[in-house]
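Comments concern the structure below.
The values are calculated or read from the model by the stated rules, or taken from the named source; none is laboratory data. The structure displayed is predicted, hence computed values, not measured ones. Ideal geometry is used to build each Cβ from the backbone, glycine not excepted, and the neighbour counts take in all protein chains shown. Note: accessible area is taken over every heavy atom of the protein model, side chains too, but ligands, DNA and RNA are not part of it. Shrake-Rupley method; radii C 1.70, N 1.55, O 1.52, S 1.80 Å.
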Amino acid sequence: MVRLLFFLLFITFCSFAQSDFLQVDTSQNHELDEVVITASKKKEKLLQSPVSIEKMELMDIRRSAQPSFFDAIENLKGVQVITPSMGFKVINARGFTNTTNVRFVQMVDGMDNQAPHIGAPIANSMGPTDLDIYRVEVVPGTASAMYGMNAINGTANFITKDPFQFQGLTLQQKTGVNHVNDYNTDATPFSETSLRFAKSFKEKLAFKINGAIMKGTDWYADNRTDLTPNANISTNLPSEQNPGKDQVNVYGDESGNRKTLTLGGKQYVVSRTGYDEKDATSYDLQNLKGDASLYYKPRSTIEISYIYRFAYLNTTYQRTNRFRLDDYLTQQNGVSLKSNSIQFKTYLTSENTGRSYNIRSMAENIDRSYKSDDQWFKDFSKQFNKSISDGNNVFGALNNARGFADYGRPQPGSDAYSDQVSNLRNINNWDYGAALRVKSYLYHAEFQHDISKEFLDKQFRLNFMYGFDFRNYTIIPDGNYFINPESPGKNLQYWKVGGFIQATKYFVEDKIKINAVFRIDKNQYFHPKLNPRISIVYSPEKKHNFRASFQQGYRFPSLFEAFSNINSGGVKRVGGLPVMSNGIFENSYLRSSIDAFQSAVTTDVNKNGLSTAQAIAKNQSLLKRNNYTYLQPEKVTSFEVGYRTELLKGELYLDMDFYYNIYNNLIAQVEANIPKTSNPDSLATYLNDKKKQDRYRLWTNSKTITYNYGGTFGLTAKLPKNYKLAGNITYARLNRKSGSDGLEDGFNTPEWIYNLSFGNPFLYKNLGFNVNYRWQKSYLWQSSLATGDVPAYSTIDLQFQYLINRNLNVKIGGSNLFNQYYESFNGGPSVGGFYYCTITLGSI
């Protein structure tokens, strides 16, 4: 509160004083031409881009109805965003969304923004602030031919302000509130304070500094849906009385925490009680980030720069399980050189997970800290039998048994519970601890040379570019999350190298533009892969542009998919490279068949009066050998057509596209178990008892060939008196599967999404507004954590802005204005309204 009052007094003083120290953007009257860079790694006209590309210019960002530029990305055509956490939003395009989206690349000024061991960025935690963002470009769909960085679903490039053009000091304070009418908690405050300072010296030397600190309370994940409602259907218990519940956001009641017990002559599936996520983690949210950069121009056409970025955060992150990231630190050092024809970049990203922990492991090991699984189930059985003898019915006996077995269980809020949390978060073994202790590095270098202007452009109307890149990941093995089986005690290394050539030729008085890109990438563990792109743009007139393209892209396995080695809940999650999982595929049985086998045994015992041995003998043919094998790269083949135009003297802009994708070798996980016996006569008996088998979750490839298609339509109209109306529709459909094996990654994408916005920056003098309506259809979400339907939802975002003077702007708004809580995916948090006031002082 003191900081906020000081800030308000400061800006009041400055608004009257009009200090020269607070300088106006030196290029504020400069309107950027309709040019994009990301589609082809060079400047080209937006209307003639060879593939679909979306962009937000500086004024679009300032006037958006969302609290930040990163939030506004959700309203772009062809883009889907999910919210695992308020501090961790995930961007995707064209299907196969997941909470750690390794198929979509996010860059800042062309530098990959990912956390190395995760293989994807943690939202915008180490990205630009709202004060430094200049333009956003998003390529929905595969961009592997240009970038080769696993960009088979798309690429986003956040372009920051040039310190030579945007100088001076800018301060911003965003104050807000969320959790209004939330049954989990009272309304909570939110604060984000940002600063930017840039200065140039005689157009030769410049620097800029950015910093931001954000604090708030995260959205709560509290979905109590039972994922196994039919676990005890053969006992005639209704689903609401199911003793084997596996609730979505309750942890410690999953498969590894369940057992089949013979009680009163029947077999019941019983799970341990588990803890709510809100009791097993903290929802305090904090992100401290900043960057400092130095720029030198020995000549007007050559620029050399150095940049340092960091992010220190506390938030929630989600992969297969949900994690609490505490004292998590990422840093990036980068050097670049660029001229009219040459670009070189090299950067090093480091990651330290600090005091982070696995929320599920935390919950289940608090349970086990006071009583082992064996003892708990023994106590449960004993009390059930006693309760039945005392005359209770089955439901009453089950409740009594759970209460008896839970006696002495640490209760949330108690000292015993807090002590266990403090203890387990420092134990780096998920069999009896919860710590996430990973240190990793990513080193990247790239070079590209455009020889068009020197040799080809004027005479032949031919543009030609080539480039090379190298990338290496380094992991320091921690003994839990990662190990190095080949060289124990040494760091894991995982590298790739690639290169591309690109040619663009114009024909028929520049009415036809043909672009071809051929890229080859070699990964340490895989053969070279070719990523081509061929496109044609036909412009019968400058304002009418038709495009068609064919491209192919590959995605190499991420570090986690390749090298993970985790014990969690009695299941070992193992990377799919032969060095990690040698022998497991060949000797294991599919868990899906084991589950079907065990269910059939239980049904025959409960309903048909068979003994356990008889039921095992009858149903052992249901057991299936694991027919999957070691990892290969994913592959997508994509076809796209589109049309862009500007009409009515630029007052109407229209863009549409249609695509068709074919996916091969989608990377997914298969669960498979190995019986602890080599006697073939005992295999079925061992596979009917969880304690007599080793359980694995293996990264592998789906055998399914998946086809999906979709399209987008967008329209922007400039209306009289500065009004602007815009809308877009995104359609995505999983068309069919060839030889479906049920292993393919979830499509996890709404069939329909549409946005509609309306605004006027000068509604009355310096007062402006913008309102955005967004709706998406219900869809099926499939993941290891939870599978189920995500209901359709809509949101309205609204903001009013008032430019008090050239150095002071106030923006008041609400995101999800009517506070209709929704979940963007199954297993994620419930997202409500966010209401804020943003005051910006300085170079507006």
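Observations
- Hits in segment 42-54 - residues which are among the basic types (K, R) and buried (at least 21 other Cβ atoms within 10 Å of the Cβ): none
- Residue match in segment 587-597 (condition: under 27 Å from G264 (Cα atoms) and open to solvent by 20 Å² or more (accessible area, probe 1.4 Å)): yes
- Candidate set: segment 391-420, residues that are in a loop (DSSP other than H, G, I, E, B) and of a type in the set (S, T, Y); chosen: the one farthest from E240 (Cα to Cα): S414
- Within the span defined as segment 717-730, every residue fails to be surrounded by fewer than 16 Cβ atoms within 10 Å (Cβ to Cβ) and within 20 Å of the chain's Cα centre (by Cα).
- Meets criteria (in contact (Cβ under 8 Å) with a residue 60 or more places away in the chain, in contact with a Lys or Arg (Cβ under 7 Å, 6 or more places away or on another chain) and open to solvent by 60 Å² or more (accessible area, probe 1.4 Å)) for N340: yes
- Hey, Y268 open to solvent by 40 Å² or more (accessible area, probe 1.4 Å) and in a strand (DSSP E or B) or not: no
- Residue check: D604 meets all listed conditions (1) surrounded by 20 or more Cβ atoms within 10 Å (Cβ to Cβ); (2) in a helix (DSSP H, G or I); (3) touching a residue at least 24 places away in the same chain (Cβ under 8 Å) but one, namely (3).
- Hits in segment 541-571 - residues which are out of contact with any strand residue (DSSP E or B) (no Cβ under 8 Å at 6 or more places or on another chain) and among the acidic types (D, E): E541
- The listed residue being under 18 Å from D71 (Cα atoms), among the hydrophobic types (A, V, I, L, M, F, W, C) and crowded, with 16+ Cβ neighbours inside 10 Å, out of F747, F825: F825
- Per this entry, S300 is not counted among residues that are open to solvent by less than 40 Å² (accessible area, probe 1.4 Å) and under 30 Å from A198 (Cα atoms).
- For segment 246-260, residues that are within 21 Å of F384 (Cα to Cα), open to solvent by less than 10 Å² (accessible area, probe 1.4 Å) and not in a loop (DSSP other than H, G, I, E, B) total 1.
- Checking each residue in segment 282-293 for being more than 30 Å from F197 (Cα to Cα) and either open to solvent by 20 Å² or more (accessible area, probe 1.4 Å) or charged (D, E, K, R) (or both) picks out only S282.
- Identification of strands (runs of 3 or more DSSP E) wholly contained in segment 139-241 with 2 or more residues that are in contact (Cβ under 8 Å) with a residue 24 or more places away in the chain and open to solvent by 30 Å² or more (accessible area, probe 1.4 Å) yields 168-178, 188-201, 205-217.
- Of all the criteria given as (1) β-branched (V, I, T); (2) open to solvent by 20 Å² or more (accessible area, probe 1.4 Å); (3) under 19 Å from T637 (Cα atoms), the one not satisfied by T706 is (2).
- Residues of segment 617-654 satisfying the condition of being more than 30 Å from D689 (Cα to Cα), within 27 Å of the chain's Cα centre (by Cα) and open to solvent by 60 Å² or more (accessible area, probe 1.4 Å): Q632, F639
- Listing of strands (runs of 3 or more DSSP E) fully contained in segment 43-117 that carry 2 or more residues being closer than 23 Å to S549 by Cβ: 54-56, 88-92, 104-108
- Residues of segment 564-584 that are touching a residue at least 60 places away in the same chain (Cβ under 8 Å), out of contact with any Pro (no Cβ under 9 Å at 6 or more places or on another chain) and of a type outside the set (G, A, S): I566, N567, V571, K572, R573, V574, I584.
- Close pairs (8 angstrom Cβ cut-off, 6 or more residues apart or separate chains): without any contact (Cβ under 8 Å) to a residue 12 or more places away in the chain in segment 307-324, acidic (D, E) and open to solvent by less than 10 Å² (accessible area, probe 1.4 Å) anywhere: none
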